[in-house]
Amino acid sequence: MQAEKQHTHKKHGFTGQIGFVMAAAGSAVGVGNLWRFPYLAAKDGGGLFILVYLILTFTFGFTLLTSDIAIGRKTGKNSIKAYGAMHPRWKFLGIVTFLVPALIMTYYAVIGGWILRYIAVYLAGQGQAAAADSFFTDFITSPGQSSLCAVLFMVLTAWIVFNGVEKGIEKYSKVLMPVMLVMITAIAVFALTLRHIGDDGVTRTGLQGLMVYLTPSFEGLTLKRFLQILLDAMSQIFFSLSVSMGIMITYGSYIKKDVDLNSSIHQIEFFDTGVALLAGIMIIPSIFVFEGVEGMKAGPGLMFVSLPKVFASMHVMGRLVGLAFFIMAAFAALTSCVSVLETITANCMEIFHTRRKPTTIVLTLIYTAASVIVALGYSFFYVEIPLPNGSVGQILDLMDYISNSFMMPFISMLSAILIGWVIGPSWITEEIEQGGRTFGMKYLYAVMIRYIVPVIMFILFLQSTGILNF
Ligand code: PFF
């Protein structure tokens, strides 16, 4: 009986809408919101990027999220079998989709491990040391420390997945997500109250920083630059909403039929976008106050290099705020990492007809080994791999590039063709309207999935392969 219960998806799943929304928002809100969104906003003209991002979230993001969740609930299956159930000849797309979390999982726990390291730093009161330029590089290039942190994060993730959908994922998301929201709001409000006199004698305030963040900058805007902003925003939306990688299909398969999908999808979008905006309100003014406009050009180093400097400048308060920030980031990363491992686990359980606990244990062993290899990619296994976008990366960047920049637009393009042209958008819209619910954006969905998504995804795909170069 117990074994049978664990075998089928129908017998377990989220208890209701709140459980689902919290778990899905948990997957969506992660380091992408906290680290990537603010740095893209700083790079791409502040308010201009935010505006483009908002428009794209409620059109593209909405279309992709709706598709994934409806496919999951309608088929009750995970990506590999779900695409096969939609159309037997499209099973290959399910397999390709499955490969995305399978790749992401090799490095997500490594990033989670970095966050754990910074929690330890602030707990031990070593905030000043963390502000040194070389601290982050010294840490990731030390084989022992970085592997240990990755393994620790992997174990935390595995523990939640091991406990199942209701007793693991839903239970933890329902606690971690609201706590995370309160913490990020508090830090954002605090950031707005900051005031500091720089070495140049100029006083800068948090509110001025907020204006820098929100004011659209059209300086040097050309068509080419605008297209680049558009593409940056688009790939950020994929990553941020965890779409086109089978995760939302798996989570969708756990939703009861009486849950209102339309309102759930809007709630997930608001949660994810809200946290991204708050992360910007927290990070950009803090950096502006202590380091000026120049500090915001730090790019990817923003979270692990620039922020510790800001916390160090806050003196006593910095230890507290730094600790709160990294604990909050750990919660966000953990719920995302859980969704990745869950998707791989659920697919394997479905294919091999295995039970959750042994499946989780085997996958945890495999991915612990993979995480260690990726973590050692900055020391023992250091390589310099040229990527099609012109940058040079290590193993982690390569995995990230293949999964996010390369595979995700490809999967979205093919999924849109499958839904829009092979089985028809009504296959999805019927699922949203199930039980007499209204789907207000039904026509927008149909137009997006048939015409707009395939074209834009094709462009994005060409750009990520380096064929098209802006
Ligand atoms: N959506 C998460 C974020 O914005 O950080 C990132 C993410 C989670 C990406 C899970 C991929 C994934 F499979």
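Figures for the structure shown
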quantity	calculated
In sequence order, calculated HN-Hα J values of segment 302-315 (Karplus, 6.51, -1.76, 1.60; Hz; x Gly/Pro)	3, 6, 9, 10, 6, 4, x, 5, 4, 4, 5, 5, 7, 6
Which of LEU302, TYR382, GLY72, positive extreme of dipole for the chain (C-beta unit charges)	GLY72
Segment 45-56 - phi-based ³J(HN,Hα) in whole Hz, Karplus 6.51/-1.76/1.60, Gly and Pro as x	x, x, x, 5, 4, 4, 4, 4, 4, 5, 4, 5
Integer Hz, Karplus 6.51/-1.76/1.60 couplings in order for segment 383-395, x for Gly and Pro	9, 10, 9, x, 9, x, 7, x, 8, 10, x, 9, 4
Packing-based order for 66-72, 445-451, using average beta carbon neighbours within 10 Å, highest first	66-72, 445-451
Column: log10 I(q)/I(0), Debye, Cα scatterers of segment 278-380, q = 0.22 Å⁻¹	-1.11
Full-extension gain in nm, LYS167 to SER379, via 0.36 nm per residue minus C-alpha separation	72.5 nm
Shape parameters for segment 31-150, alpha-carbon atoms, Rg then Dmax in Å	20.1, 58
Stretchable slack from ALA129 to LEU152, in nm (0.36 nm times residue separation minus alpha-carbon distance)	6.0 nm
P(r) tail fraction, the chain - alpha-carbon pairs more than 33 Å apart, %	34 percent
Computed E for LEU223/VAL202 - FRET, C-beta separation, R0 35 angstrom, nearest 0.05	0.50
Distance in nm between pseudo-label sites at THR354 and ARG450 (7 Å out along the Cβ direction from Cα)	4.4 nm
Burial ordering of TRP90, TRP421, TRP35, fewest other beta-carbon atoms within 10 Å first	TRP421, TRP90, TRP35
Calculated [θ] (222 nm, deg cm²/dmol) that DSSP helices of n ≥ 4 give over the chain, each run adding -39,500 (n - 2.57)	-22000 deg cm²/dmol
Cα centroid separation - segment 397-470 against segment 115-178, whole Å	33 Å
Amide H within-cut-off set for GLY393, under 5 Å, with H built and near neighbours excluded	ILE385, LEU387
Contact order normalised by residue count of the chain, Cα under 8 Å, 6+ apart, percent	32 percent
Translational diffusion coefficient (Stokes-Einstein; Kirkwood radius from C-alpha pairs) of segment 180-281 at 10 °C, 1.306 mPa s, in µm²/s	93 µm²/s
Angle in degrees between helix 408-417 and the longest Cα principal axis of the chain, rounded to the nearest 10	30 degrees
Amide H partners (placed H, <5 Å) of HIS87, local residues excluded	none
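We did not get these values from a lab; they are worked out from the coordinates using the rules stated. Since this is a predicted model, take the numbers as computed values, not measurements. Neighbour counts are summed over all protein chains in view; Cβ atoms, including those assigned to glycine, are modelled from backbone coordinates with ideal geometry.
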